[in-house]
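Structure, as structure tokens:
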Amino acid sequence: MAMAVQVSLIGADRVVDRALAIHRAHLERAIEVSLGEMVDREIAVDVACLPVVAIGDSRVAEIMVDETVLCAQVTAAIWSLAEQGWQADVIVPAARLGEAHTSLRGLPCRLQAWWEDETGISFGPYERP
């Protein structure tokens, strides 16, 4: 019997919680869903399990990429979201921002780095790959 296992990485849940709190503080309707629930095409299981913060009013989907996948693996999902009228934002640990720029260059998305320090989780400015 095959079983799907969802990997929960240190910090990923806290990043999602922080993003949800920021959006809700601005009175935006934001929920957490899996990337697989949002796309209309087949994607790898590990990519489908990535958390997304979906902001309904502005139609922004924040894909939380962690160390379990390469940034290039979210390409099909970004195209699917764009075709459905969603702005795809790829949220990556700051140390992976260079990889994200290289892998996602020319795609209809924005990049945003996150990091954690003694003050908590912070997010950088949006960048175009």
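The values are calculated or read from the model by the stated rules, or taken from the named source; none is laboratory data. Note that the structure is a prediction, hence the values are computed from the model and not measured. Note: ideal-geometry Cβ built from the backbone for every residue, glycine included; neighbour counts use all protein chains shown. Please note that ligands, DNA and RNA were not included when accessible areas were found on the heavy atoms of the full protein model with its side chains. Shrake-Rupley method; radii C 1.70, N 1.55, O 1.52, S 1.80 Å.
Structure summary
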quantity: Directionally averaged shadow of the stretch 14-64, computed from the convex hull of its alpha-carbon atoms, nm²; calculated: 3.4 nm²
quantity: Carbon and sulfur %, accessible surface of the stretch 14-61 computed with the full protein complex present, 1.4 Å; calculated: 54 percent
quantity: Solvent exposure of the chain as accessible area per residue, Å², 1.4 Å probe; calculated: 54 Å²
quantity: Percent of beta bridges antiparallel (DSSP, the stretch 14-126, rounded to nearest 5); calculated: 55 percent
quantity: Estimated FRET transfer efficiency when R0 is 30 angstrom, pair Ser58-Thr119 (beta carbons, to 0.05); calculated: 0.70
quantity: Vicinal HN-Hα couplings computed from phi for the stretch 27-36 (Karplus, 6.51 cos²θ - 1.76 cosθ + 1.60; Hz; Gly/Pro x); calculated: 6, 9, 7, 10, 9, 9, 9, 8, 4, x
quantity: Two-site label geometry, Ile31 and Arg14: point separation in nm, points 7 Å out along Cα→Cβ; calculated: 2.7 nm
quantity: Highest to lowest packing among 83-92, 14-23, 28-37, 116-125, scored as the average C-beta count within 10 Å; calculated: 83-92, 14-23, 28-37, 116-125
quantity: Value of [θ]222 nm, deg cm²/dmol, for the chain, DSSP H segments ≥ 4, -39500 (n - 2.57) each, nearest 500; calculated: -8000 deg cm²/dmol
quantity: Added length on full extension, which subtracts the Cα-Cα distance from 0.36 nm per residue, Arg24 to Glu83; calculated: 18.6 nm
quantity: Built amide H within the under 5 Å cut-off of Val60, gap 5+; calculated: Ile55, Gln87
quantity: Inter-probe distance in nm under a simple model that places probes 7 Å from Cα toward Cβ, at Thr75 and Asp46; calculated: 1.7 nm
